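Below is one structure, written out as C-alpha cells; the observations come after it.
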Amino acid sequence: MTDALFVVSEEGYWAEECIEPLTTLESEGVDVTVATPSGSPPVVDERSLDPEAAGGEERVAELREVDEEHPELNDPEPVATVDADGYEAVVFPGGHGTVWDVNQDRHARQLLLDAVAGDDGVALVVCHAVGILAFTREADGTPLVEGRAVTGFPNDWEDGIVDDHDVMPDGRKLPYWVEDEVRLAGAEWDAELDADTSVTVDGDLITARGPGSSAEAAETLLGEL
C-alpha cells in the first residue's frame, strides 16, 4: 500500500487544492493520512466553495461533502506526531490560511525536508503553501528551495486580492507574499502566467500554481509515485 500524508491548514485551506489531490490519490488505492498544526480539523476557506470559484453548484456540493464527511479530514493527526519516513508522499495543499500556520510550523518544515531528502519520498506543494519553501532550511542553513525550479501563487494574482495595505477581504493582514519570499530564498521562480496550468517538477519537489493546476498536480504526483 502506498501512503500519503496531507498537511492541511486550520486557518483556511482552498478546497480544490486539497480535495482534488486527496480524492485522486485515494481513487488509485493510495492510503491518505491528514495532519494539521495542532491536530484540530482543518478549516476550509469558504471563498473556495463559491460556485463561481469552484466550478458550479454541483462541484461545490461534492467539495463540501468531502470537507464535512471525509474521516481523515475530520480526525487529523498533529504534525508534531507524524514522520515523513512513513509516507511515500507528503502533500501541502494551499489556501491563504497556510501563511499563518503551516508555512510557519517547524514540524511541517521538517516533514517537507524529510520528504524531499533521499530517494524514497516526494513532496507536492500547492499555491500559497509554496511559501513554506522560503522558511525551510537544510541543516547547514541553505534554503531548501535555493536553485530549484518552482511555481506557486504569483504576485500578479495576490495584487488582485489584498488592498494597498495587504489586508485580505476578510480583514486579516497578509504577512508576506509567497512569490517575494520564495524568490528571496533563491528559487528559480516561474508561475507561467501565460499558461492555463502550471506544475513544476524539480527532483523530489513538485510545486503547483493554484486551484486550476490541482488536477494536473495530482496526476503528476501519481506519475512520480
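The values are calculated or read from the model by the stated rules, or taken from the named source; none is laboratory data. Values in this document were obtained by computation on a predicted structure and should not be read as measured data. Positions of Cβ are generated from backbone atoms using ideal geometry, with glycine treated the same way; all protein chains shown enter the neighbour counts. What goes into the accessible areas is simple: the full protein's heavy atoms, side chains included, and nothing from ligands, DNA or RNA. Shrake-Rupley method; radii C 1.70, N 1.55, O 1.52, S 1.80 Å.
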Per residue accessible area of the chain, 1.4 Å probe, in Å²
43
Report Rg(Cα)/(2.2 N^0.38 Å) for the range 1-222, keeping two decimals.
0.92
Stretch N155-E192 to full length: gain in nm at 0.36 nm per residue minus the Cα-Cα span?
12.1 nm
Quick one: among P37, P76, P169, which has the greatest mean-square fluctuation in a GNM of the chain with alpha-carbon springs under 10 angstrom?
P169
In debye, nearest 20: dipole of the chain around its Cα centre with unit charges on the Cβ of K, R (+) and D, E (-)?
640
Quick one: if the Förster radius is 25 Å, what FRET efficiency do D202 and L222 give, using the C-beta to C-beta distance and rounding to 0.05?
0.90
Could you work out which residue, out of A185, A35, A129, moves most in a Gaussian network model of the chain, that is, has the largest mean-square fluctuation with Cα springs under 10 Å?
A185
If I build a Gaussian network model for the chain, linking alpha-carbon pairs within less than 10 angstrom, which residue out of H165, H107, H96 has the largest mean-square fluctuation?
H165
Keeping the other protein chains in place, figure out the carbon and sulfur percent of the accessible area of the range 101-225, with a 1.4 Å probe.
42
Please give the Cα centre distance for the range 99-169 versus the range 210-225, rounded to the nearest Å.
17
Please report the equivalent ellipsoid semi-axes of the range 69-187, computed as sqrt(5 x eigenvalue) of the Cα gyration tensor, largest first, in whole Å.
25, 19, 12
Rounding to the nearest 20 debye, state how big the charge dipole of the range 95-140 is about its Cα centre with +1 on each Lys and Arg Cβ and -1 on each Asp and Glu Cβ.
220
A53 to D164: extension gain in nm, 0.36 nm per residue of separation minus the Cα-Cα distance?
37.6 nm
Structure-based [θ]222 nm, the chain - -39500 (n - 2.57) summed over DSSP H runs of at least 4, per residue, nearest 500
-8000 deg cm²/dmol
Range in the chain, longest, excluding exposed GluC sites (Glu not before Pro) [loop by DSSP; at most 15 other beta-carbon atoms within 10 Å]
29-137
